[in-house]
Each structure stands twice: as C-alpha cells, then as structure tokens.
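S.K.: So that we are looking at the same thing, I have put the structure below in structure tokens.
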Amino acid sequence: MKAHRFALAGALALPIFAGLIAFAPLGILQKQSNDIIVGKTVSVSSTEAGSSVSVEVQRVVKGKMSAGSTVTLRVDSPIPDSKAADSLGPRLWFVRAGNVVASRIVNVDGIEALSLPAATAAEYAIGESASGPQKLTREVMAILRLKGLDDGTRTQLNGYIRELPSAERQDVLRLVQTNQAVAATPENASALLGMSSVQGVTQLMELVKAEKVTLDVADSLCHYRNPDDSGIRLIGSLLQTSLNQGLKMCAMISLKAIHTPETVAWMASGLTSASKEEQYLAVTGLYLAANSGAALREETLMADGLPIKRVPRENTKVIGVLPPFDAFVADGGTTLDFWRNWAAQQPSETH
C-alpha cells in the first residue's frame, strides 16, 4: 500500500489524502476510541456481511482491556487479507464502543487498513524509559523506528506528532534526540522537521545530497515553521538547486508560512518560476510578509516544538493585494510586477 502525493495543505482536521487513500487523523481516532490496544492477531473470521478479529492484548494504550487477555473485535466489512493476518506481527488497534474497530484508512478493507503496525515489546522498550510522552505518542514514536513503513503511514504518524500540545512535542523532540541515531536518516529528518528543528533542515540537506529524500521528509518540510536564519538560508537554496519539484514546492510553502523579512528575497526568486502554482505561493508569501501581523490565516512560528511570537510590524496599513488564483493567472503579470517591485525595495538579506 503506497501513497504518492504530497500533503501540501497543513491542516489535518480532515482525513489525509494520499492518492485515492484517505488516512484518518490519529488524534481524532484517539478521541473517538474507547480502547486503544497493541496485540497479536490470533484468528480472523471474514464474511461479506462483516468480520471478527481475535486479538491477544499485549499493551493497553487507552481503556479498560487487560494485557494478556484475548478480545474479539468487530469489523463491518470483509477482510480480504485475513489469511495473512497472523504474519503481520503486532498491530495497534483503535476500538469504539461495542468493540467495533475504527479504521485508520477510510474506505479500504484489510488488516493493514484497519490497524497500524506496532513495535514488539523489545522495540517499544527503547523509548519507554524516556519521561514525558503519553502512551499513544510513545507507540507512534516506536512505530516510526520500524523499517519498511509506507510513505502514507509515515505521513499519518508525523501528522499526529505535529498536532500534539507544545509541551508534549518537546518531550517527543527529546525522545528523538536521545533514542534515535543522530545520523541523517529519513526517519530522523522527518521527526525533526516536524518539530521545526533546524537540525532537521541540516539532515534534509544531507539527504538531498545523497538522493535519499522520501515523500514523508518532503511533507515534513511543508510543516517547518522555524524563523531561524540558518534554516531559512538552507531551505531557500533548495529553490535554486533542487530538481525535485515536490521538494521545491514544500520549501516555498515553508517560507510562505514563516514570511519573516529573511524569507523575502528567497520568495521573490519564486516569482520567476515557470510554475504558476509556485509563483502564486511566492506572491502569497510576499503578501503575508508585507502585512505580517495584520493578514488573515497567519500560522504560528515554531522552534523545537514550541511556539514563537511574531515581531509586530510598525506599519498597520494593508500593502498590496492577494487575488484568487484564477484572477492571478489571468491578470497578465500585474500582480507579479507589483510584488517583484515591492520585494526589490526591501532591505537586502545575505543569503
């Protein structure tokens, strides 16, 4: 099960769409579930009308089920991969009232769509000694350490981490830095970028050089919100050097969301792109930079999982306009010319 589309929109209140597959946000599943368990599949009974899954509970994340017990979970659909269920290893299950399974992937049948792969007891214990993260977060971090995860699942897991309260994101950052190798790997870079850590950008550049950037690493860059100058310079350089169009788009999305004065020259370089979508991202970022503090839909700046206050601008007058995309495409370059001229008048920042 592979997912091959960037989650360019940052909000995860709705399912995360990857191709034709919709991944349910784990934070919502957590709230909707009476029980969350990790367990070994004992048996599966599957019919067209519905199925049942017998699970030996190994860890209890939420609820009143007991470790060591065997429970029967209900599924309102057939399970086509039922014969292979016992070979999939431990799984993480979200369970609603009446032991009905809450599927992690919408409108897809099968054990892999119903539940997440989970860490063995030994793999889970690597992070268990770290203080702070709640049980589901520890499970998620343990899963992210597993090899062979598809990109859609990684995006789903990192989306959960990005939506954590700031204090718990800090605990996750400590867990990443303490219990994972500091080497530049897609797993480490994704987690660090998701925390808006400059270390994540440094690892990203190493992965770019080694041609090992994954879909999830690029998606995590889309959510990077750290205004640190050194990180901005590295991200901006991707606009000029990367041949990966998806990565360049995520670099521009990150700079647009940050839109501090240090991002202006980099975003202005996007005005010359052959892509109308990239041009419009640049225009949007420059509009936000010009009207920072007064513009709608400004995102919170972050650093190492904690929010940062924006510096209020002195001028409260609205500068320029941000037309809808269709109007921008049809205006003959008027909007591009305005923002190109505005950017040229701003104080020069050293790249």
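The values are calculated or read from the model by the stated rules, or taken from the named source; none is laboratory data. Predicted, not measured: the structure shown is a model, and the values here were computed from it. As a convention, Cβ positions derive from the backbone with ideal geometry for all residues, glycine included, and neighbour counts pool all protein chains shown. Calculation scope for accessible area: heavy atoms of the full protein, side chains included, ligands and nucleic acids excluded. Shrake-Rupley method; radii C 1.70, N 1.55, O 1.52, S 1.80 Å.
S.K.: Residue by residue through region 186-217, note down the ones that are aliphatic (A, V, I, L, M), over 16 Å from MET141 (Cα atoms) and buried (at least 24 other Cβ atoms within 10 Å of the Cβ).
M.R.: Those that are aliphatic (A, V, I, L, M), over 16 Å from MET141 (Cα atoms) and buried (at least 24 other Cβ atoms within 10 Å of the Cβ): VAL201, LEU204.
S.K.: Could you list all residues from region 235-254 that are surrounded by fewer than 19 Cβ atoms within 10 Å (Cβ to Cβ) and under 20 Å from the mean Cα position of the chain (by Cα)?
M.R.: ASN244, GLN245, GLY246, listed by residue number.
Condition check ((1) closer than 17 Å to ILE111 by Cβ; (2) touching a Phe, Trp or Tyr at 6+ places or on another chain (Cβ under 6 Å); (3) open to solvent by 60 Å² or more (accessible area, probe 1.4 Å)) across all residues:
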site	(1), (2), (3)
ASN34	no, no, yes
VAL55	yes, no, no
ALA67	no, no, yes
SER87	yes, no, yes
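S.K.: Which pairs do you get when a residue that is within 11 Å of LEU114 (Cβ to Cβ), found in region 80-101, comes within reach of a residue that is among the basic types (Lys, Arg) and open to solvent by less than 40 Å² (accessible area, probe 1.4 Å), reach meaning Cβ atoms under 7 angstrom, with the pair 6+ apart or on two chains?
M.R.: PHE94/ARG104
S.K.: How many residues are farther than 16 Å from SER115 by Cβ and hydrophobic (A, V, I, L, M, F, W, C) if we restrict to region 57-79?
M.R.: Qualifying residue count for the region: 1.
S.K.: Using beta carbons and a limit of 8 Å, which pairs, at least six apart or on different chains, have the first residue in region 305-325 and free of Cβ contacts under 8 Å to residues at least 60 places away in the same chain and open to solvent by 80 Å² or more (accessible area, probe 1.4 Å) and the second one among the β-branched types (Val, Ile, Thr) and not in a loop (DSSP other than H, G, I, E, B)?
M.R.: VAL321/THR335
S.K.: Which pairs turn up if I take residues in region 41-61 that are in a loop (DSSP other than H, G, I, E, B) and look for partners that are at pLDDT below 90 and not acidic (Asp, Glu) with beta carbon separation below 6 Å, at least 6 apart in sequence or on another chain?
M.R.: GLU48/PRO78
S.K.: Scan region 62-109 residue by residue and report those that are part of a helix (DSSP H, G or I), within 21 Å of GLU139 (Cα to Cα) and small (Gly, Ala, Ser).
M.R.: ALA85, SER87
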